[in-house]
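Working notes for the structure below.
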Amino acid sequence: MEPITVTADADVFTCNAYLIAGEQTTLVDAGAMPGVERVIADHVDHLDQVVLTHQHGDHVAELDAVRSAFDPDLYAYADHPHRTHSLDDGETVQMGDDVFEVVYTPGHADDHVSLISQSALFSGDVVVYNDGAFDDGSFGRTDRPGQSRERLIQSLEAILQRLPKSVSAMYPGHGNPFDAEIDDETVRAVIERALERAERRKPKYPE
């Protein structure tokens, strides 16, 4: 599995939206980059489903454009007018050719989920590799209304508890993807470092 970051050339603020080809061609998050549906069409001729990590604007702004172009199923934890399937903790969803476990990971967003297979983690915004605040292990911001550092810490712990040792790649909502074979470190180590930083309970972005 080699996801394509279809928002890589964005000149607006957006999440990373990942296209996974295979038996169930999947877009993880739709992003906020105008024209993302055309980038998707450059790589595949159909899209079976969109799977949302959460519904913040930078992850769903172009969802209607993607739906109009491909009419995919929509998987989401929280209600959405076009949701066709719910994502519930402990359930599984096939993306591409691999099966992923849904892990409910609130804190950055009440409806946040992460997705874990035997080889990869799609972490949304709960944990990222680098984002301008920290390199080699950072966590989603929790300083806005409705967010919670304590719940995010619990979510990071939940990911670590359910992360197979075989996971070697992490695809976050922001910053760079992480590949253990290239970066010479484990996904678990990156998440543990993010957890340690979150547990300091200091502002992520000091004034």
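The values are calculated or read from the model by the stated rules, or taken from the named source; none is laboratory data. None of the values given here were measured: they were computed from a predicted structure. Glycine gets a Cβ as well: all are built from the backbone with ideal geometry, and neighbour counts include every protein chain shown.
Which residue, of GLU192, GLU157, GLU101, GLU185, is more than 30 Å from ASP79 (Cβ to Cβ), touching a Leu at 6+ places or on another chain (Cβ under 8 Å) and acidic (Asp, Glu)? Testing whether each residue is more than 30 Å from ASP79 (Cβ to Cβ), touching a Leu at 6+ places or on another chain (Cβ under 8 Å) and acidic (Asp, Glu) leaves just GLU192.
Please specify each residue of region 1-14 satisfying the condition of being surrounded by 21 or more Cβ atoms within 10 Å (Cβ to Cβ) and closer than 16 Å to ASN130 by Cα. Scanning region 1-14 gives a single hit, THR14.
Of the conditions (1) out of contact with any strand residue (DSSP E or B) (no Cβ under 8 Å at 6 or more places or on another chain); (2) crowded, with 18+ Cβ neighbours inside 10 Å, GLN147 clears all except one; give me its number. The single condition GLN147 does not satisfy is (2). For region 61-73, which positions are surrounded by fewer than 22 Cβ atoms within 10 Å (Cβ to Cβ), of a type in the set (A, V, I, L, M) and free of Cβ contacts under 8 Å to residues at least 40 places away in the same chain? ALA65, ALA69 - these are the residues of region 61-73 that are surrounded by fewer than 22 Cβ atoms within 10 Å (Cβ to Cβ), of a type in the set (A, V, I, L, M) and free of Cβ contacts under 8 Å to residues at least 40 places away in the same chain.
Assessment of region 119-126 against the conditions (surrounded by fewer than 19 Cβ atoms within 10 Å (Cβ to Cβ) and touching a strand residue (DSSP E or B) at 6+ places or on another chain (Cβ under 9 Å)) yields at least one matching residue. When you scan region 181-188, do you find a residue that is touching a strand residue (DSSP E or B) at 6+ places or on another chain (Cβ under 7 Å), acidic (Asp, Glu) and under 22 Å from ILE20 (Cα atoms), even just one? No, region 181-188 contains no residue that is touching a strand residue (DSSP E or B) at 6+ places or on another chain (Cβ under 7 Å), acidic (Asp, Glu) and under 22 Å from ILE20 (Cα atoms).
Condition first: among the charged types (D, E, K, R) and at pLDDT 95 or above. Now tell me which residues in region 2-60 satisfy that. Correct list: ASP9, ASP11, GLU23, ASP29, GLU37, ARG38, ASP42, ASP45, ASP48, ASP58. Just the residues that are over 18 Å from PHE178 (Cβ atoms) and crowded, with 24+ Cβ neighbours inside 10 Å, please, taken from region 15-31. THR26, LEU27, ALA30, GLY31, listed by residue number. Number of residues in region 138-178 that are basic (Lys, Arg), farther than 17 Å from ALA109 by Cβ and touching a residue at least 40 places away in the same chain (Cβ under 8 Å): the value is 1. Condition check for THR7 on (1) out of contact with any Pro (no Cβ under 8 Å at 6 or more places or on another chain); (2) in a helix (DSSP H, G or I): one failure, at (2).
Listed by position, the strands (runs of 3 or more DSSP E) contained in region 96-204 that have at least 1 residues being aromatic (Phe, Trp, Tyr) and under 24 Å from PRO3 (Cα atoms) are 98-104, 120-124, 169-172.
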